[in-house]
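*Asks:* There's a structure below that I have some questions on.
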Amino acid sequence: MTVVTTTFAGLGFESSFASQIGQRPPPQASGLMDAILPLLPGALWYSGGVLSILLAHEMGHYLYCRRYSIDATLPYFIPAPFLTGTLGAVIKIREAFPTRKALFDVGVAGPIAGFVVLLPLLGLGLSMSEIVPPPTQGAGLTFGEPLLFKWATYLILGPIGENQSLNCHPLVFAAWFGMFATALNLLPFGQLDGGHITYATLGRLSTPLSMLTLGAAIVLSFVSINWIVLTVLMLVMFVILGPRHPSVLHEGEPLDNGRRAIAVFALVMLIVCFTPILVTEYDFGNVTGR
């Protein structure tokens, strides 16, 4: 189902790319299939990219669960009939973590594995993208630009002037979703990956940090309406699971310096993949947007 919904979402991204953000008229088609078939390769670039990033992320968790003999399921992919075509993927861990090291390794392995996959996909997607004149009419969506996206764009395509726009290949949108998923999972909240990492690293100090993260999400909801759904989900987790991360079976085992260094790298991943404004509706005939 997720292959179908992400491919369907990819048709929209490829349509935008092929039309140079609506500036080039679509080719004449005698039927629905004639209209879809030319867009299908680009749609599959998006679908394959998204699923590769999600699979790498979840298998990072799963393989480290196997390493520590922790009972866990294989990944479940979640389809969605809008925008990105998916709400991500999850595994279910059926037992408590034995030690802080196991908790840390399982928590951090997913974001690192997904990050390693999304980096080359971002580079490849940008290499297939193009710089075009900005649209002068119509409406569409603009996506927030994480620091990693800005740096990669400058490195591969150079500076983009005020009178230019980046026409993104569908694979870029797949990498963008990967950055969003990485940043979301690394938020130091509850039982997200970031919550696992901060509890393994900081112990009970992770509880006030989790509450601060929830407060920041509430503030961001007033900056961008995109955060409202995420904030509601975090509030539900807060109410159902409580503010404190569950204890591991053997609390006394400390983390070594190598894992603490990896925790710093996880913080860097969060910073470079995070964007406060996710998706914005934009009127290309009105420079102010909305």
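FYI, it's all coordinate maths here, none of it is from the lab. Keep in mind that what you see is a predicted model, and the values were worked out from it rather than measured. Cβ atoms come from the backbone with ideal geometry, glycine included; neighbour counts cover every protein chain shown.
*Asks:* Pull out a ≥ b ≥ c, the square roots of the eigenvalues of the alpha-carbon gyration tensor of the chain, then state rounded if a/c is under 1.5, prolate if not and a/b is larger than b/c, and oblate in the remaining case. Walk me through the intermediate numbers first.
*Replies:* Numbers: a/c = 2.12, a/b = 1.81, b/c = 1.17.
Verdict is prolate for the chain.
*Asks:* A follow-up question, please. Amide H to amide H under 5 Å from A72: which residues, 5+ apart in sequence or cross-chain, H placed 1.01 Å off N in plane?
*Replies:* Those qualifying (amide H under 5 Å, at least 5 residues apart or on another chain) are R94.
*Asks:* Whole-Hz Karplus ³J(HN,Hα) for segment 208-223, in order, using 6.51 cos²θ - 1.76 cosθ + 1.60 and θ = phi - 60°, x for Gly and Pro?
*Replies:* Couplings: x, 5, 5, 5, 5, 5, 4, x, 5, 5, 5, 4, 5, 5, 7, 8 Hz.
*Asks:* For D105, D193, D256, which order do you get if you count the other beta carbons within 10 Å of each Cβ and list the fewest first?
*Replies:* Ranking D105, D193, D256 by Cβ neighbours within 10 Å, fewest first, gives D256, D105, D193.
*Asks:* Same structure, new question: Can you tell me the length gained on complete extension of the stretch M1 to L233, counting 0.36 nm per residue apart and subtracting the Cα distance?
*Replies:* Values: separation 232, 0.36 × 232 = 83.52 nm, distance 2.32 nm.
Net length gain for the segment: 81.2 nm.
*Asks:* Normalising by the residue count of segment 2-283, find the relative contact order in percent from Cα pairs under 8 Å and 6+ residues apart. Each step should come with its number before you reach the end.
*Replies:* Details: 455 pairs, mean separation 64.4, N = 282.
23 percent.
*Asks:* Go ahead and estimate [θ] at 222 nm for the chain from helices alone: -39,500 (n - 2.57) per DSSP H run with n ≥ 4, summed, over the residue count, rounded to 500. Please report the intermediate quantities before stating the final value.
*Replies:* On the way: 10 runs with 166 residues, N = 290.
After summing the helix terms and dividing by residue count, I get -19000 deg cm²/dmol.
*Asks:* Can you give me the long-range amide H partners of E130? Hydrogens built in the peptide plane at 1.01 Å from N, cutoff under 5 Å, separation of 5 or more residues or another chain.
*Replies:* N167, H169
*Asks:* Pull up all non-local amide H partners of G88: gap of 5 or more, or a different chain, and H-to-H distance under 5 Å with H placed in the peptide plane.
*Replies:* Distant-sequence amide H within range of G88: I78.
*Asks:* Taking the simple approach of a point 7 Å from Cα along Cα-to-Cβ for both Q20 and A261, what is their distance in nm?
*Replies:* 4.9
*Asks:* Further, regarding this structure: In whole Hz, with x marking every Gly and Pro, tabulate ³J(HN,Hα) for segment 145-150 from phi via Karplus 6.51 cos²θ - 1.76 cosθ + 1.60, θ = phi - 60°.
*Replies:* For segment 145-150, the Karplus-derived couplings read 10, x, 4, 4, 5, 5 Hz, x marking Gly and Pro.
*Asks:* Springs between alpha-carbon atoms under 10 Å, Gaussian network over the chain: tell me which of F13, F143, F189 tops the mean-square fluctuations.
*Replies:* F143
*Asks:* For segment 182-192, in order, what is each residue's ³J(HN,Hα) by Karplus, 6.51 cos²θ - 1.76 cosθ + 1.60 with θ = phi - 60°, in whole Hz (x at glycine and Pro)?
*Replies:* Rounded to whole hertz, the list is 5, 5, 4, 5, 8, 4, x, 9, x, 10, 5.
*Asks:* Contour minus end-to-end for Y154 and I271, with contour as 0.36 nm per residue of separation and end-to-end as the Cα-Cα distance? Kindly include the intermediate steps, with their values, before the conclusion.
*Replies:* Numbers: separation 117, 0.36 × 117 = 42.12 nm, distance 1.80 nm.
Roughly 40.3 nm would be gained on extension.
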